[in-house]
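Take a look at the structure set out below.
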Amino acid sequence: MDNIYFSPTNGRLLLSNTYQLMRSGSQAFGVASVQQVNITLSDTSLSGTTSLTGFTDLSRMVVFESHSVTNTTPSIMYNAYHQLDAYVSAINEVTISRGATVAGISITATLFVVQFSSGTSVYKGTYSMNTSTLIHDVSIGSDILTGNTFSKHHISSTSVSRINDDGDPNDRTVSVIFLNSTTLRFQRTNSSKGSVSGHWFVVSHPELEVTHGTFSTTGDVAFGITAIDTSNTFLLASDYSTIQNYNGEALWALWTDGLFIRTDSTYEGTGEVVFYQLIKHTGLVVQQPRWATSLTTNDASITISSVDLSRTIAIDTLRSEYCQQDGYAETTLHRKFFRKTLDNNVTTSMSVTDRNGTSSVNVPWNIIQFPLIS
């Protein structure tokens, strides 16, 4: 059963007419608190938790997550061992979980827990898709305006099929879109290898300007968009694979000069449908660093413009996973999971622990400083 949670605005559900009232009010968009924490799962651990401090309202708390994987057996690239769900389990606790474990594969996750301001509406819940489910619709719990709203979801899987079996990875790449103003739709193209589930959240405020769109790719694509201001706009995307091909994991997304969303698969045979959200607010300060390297080191530190750590996060544009293609054999196809952190107010880092193979990578991520509002 899907669990739906929502945060009230002035004691009422945030209906469309409420947006009109809020536009003339003083309840601005922003965050009340941000905390960065790490959790490590050993190769025998399905879940882990860590403590939080300084938060005051569970209903407005959400989690952004990225992770790196330590894999002592590179030929074992099974999805259930690598994918993570993440959620706030209590006002002072955050949890990550996965669907299966195997010897030699451990995970370290960096989590940015965010409590949005009292004027921001946050809706949260869970979804679950069994081995016969390709499309799953979930009620948001209210009637929202999609032009002021964005969504984010996490994925845990039970599939432990081999990397080059048919149906992997398109049984576990799950997209999410607003089907309409009251419904989220989760979608994948294959379900035979396992079930997927996870937590989702929706953030809505009349000051947000959110553009939703989609495009298909069979390799490297520069998809033209209406020009955006990259200094106060960030990109979130989700996707599903359209073919039974393990190279479907090889994808990242970023905006380029405010005119294109760029994807790169590193292998031209990949088939993906990408759903993107461009989230704009005049109070945001956005930076998008990229790590372009031959992957001869496990970590990259990049200098950024100074940020306030109490209201800033470092997150994926699409997901933690990037694939480098060294050939077709499973022992030479090496998925990389990149964990994004803020080391201090002027440095961000990306870490990868499974560094097999020699191909280069080109991985972007978001640095987002929110307005700080209680």
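Applying 1/(1 + (r/R0)^6) with R0 = 35 Å to the Cβ-Cβ distance of LEU259 and ALA103 gives a FRET efficiency near 0.15. Here each label is just a point 7 Å from Cα along the line to Cβ, and for THR131 and ILE91 those points are 4.3 nm apart.
Using 1/(1 + (r/R0)^6) with R0 = 25 angstrom and r between the beta carbons of SER301 and THR70, what's the FRET efficiency to the nearest 0.05? Taking R0 as 25 Å, the efficiency between SER301 and THR70 is 0.80. Extending 7 Å from Cα along the Cβ direction at LEU179 and again at VAL346 yields two label points whose distance is 5.0 nm. For the pair THR44 and LEU372, the difference between a 0.36 nm per residue extended length and the Cα-Cα distance amounts to 114.1 nm.
No lab work stands behind these numbers, since they all come straight from the coordinates. All values reported here derive from a predicted model rather than from experimental measurement. Here the Cβ is made from the backbone with ideal geometry for all residues, glycine too, and neighbour counts use every protein chain on show.
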